[in-house]
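The structure appears below as structure tokens.
Bear in mind that the values in this text are calculations on the coordinates, not laboratory data. Everything numeric in this text was worked out from a predicted model, so none of it was measured. Here Cβ is always computed from backbone atoms with ideal geometry, including for glycine, and neighbour counts include all displayed protein chains.
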Amino acid sequence: MRVLSIVHQRDAGSGVFGNAVADRGDELIEWVPSERPPPEDGFDAALVFGGAMNVDEQDDHPWLGAEKELLRAVLARAVPVLGVCLGAQLLAEAAGGDARPAGEPEHGWKAVELMPAATGDPVLGPLPRRFAALEWHRYEMRPPDTAVELARSAACLQAFRLDAARGWGIQFHAEATAETVERWAHDDDRGLDRAAIMRDTRREIARWNELGVGICRRFLDACAEI
């Protein structure tokens, strides 16, 4: 399969999801919207990653308009898509929902719990019922009412599925590596406890990367069966 990877900034790329694509022998086509126009059609699935910008900052990031158009077209063509953090928020908006500033921003490792509707979901269903997840967001996603809510943290919705459009959104960063977290913690100027975040990352990251590869692999397997 040809898999489109939408990367919003170089330190928030495909991570271990890229490893899952390569392990399957699929082709990863990277697109950085701020650097060039949208790619031509011809991909079989799409991955949409995070970034420091927000869905409502199109005046500061005009390229968001082209990306939103592409995502609406992807959904209209029923191309499977998996969005992560900002990518999930953009997916929610493209499907008719929106995203807004979170009542409680999350950074670092937070408890996430699957909801009953996740049972049997081909992508998230095999996850533990409760797990520590890497969070790094100030906005929260609000998918349309027709979406199926799959997971939550104490602060907000963490995962959803768009049944008709073959789309999944996850708020947590299942793609991130230890190096990614270290860069984010170093660059973030919001008074985070960097030492605690990196201590937790060293404890959690091997398990987390295994979980992330599994999520992406199951998404790609589901795409191949469509």
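Considering helices alone, the calculated mean residue ellipticity of the chain at 222 nm is -11000 deg cm²/dmol, with DSSP H runs of length four and up weighted by -39500 (n - 2.57) and normalised per residue. Close amide H contacts of residue 83 (hydrogens built in the peptide plane, cut-off under 5 Å, sequence separation of 5 or more or a different chain): 48, 168, 169, 170. Amide H contacts under 5 Å for residue 139: 102, restricted to partners 5 or more places along the chain or on a different chain, H placed in the peptide plane at 1.01 Å from N. Between the alpha-carbon centres of the stretch 1-70 and the stretch 112-127 there is a gap of 25 Å. Per residue, the average separation of C-alpha pairs within less than 8 Å and at least 6 apart gives the stretch 2-225 a relative contact order of 22 percent. Sorting 136-145, 69-78 by average packing, meaning the other beta carbons within 10 Å per residue, from highest down gives 136-145, 69-78.
Ranked by the mean number of other Cβ atoms within 10 Å of their residues, highest first, the peptides 194-202, 210-218 fall in the order 210-218, 194-202. Taking amide H positions as modeled 1.01 Å from N, with prolines and chain starts lacking one, no residue 5 or more places away or on another chain lies under 5 Å from residue 95. Spatially, the stretch 139-161 and the stretch 193-223 are offset by 19 Å when compared through their Cα centroids.
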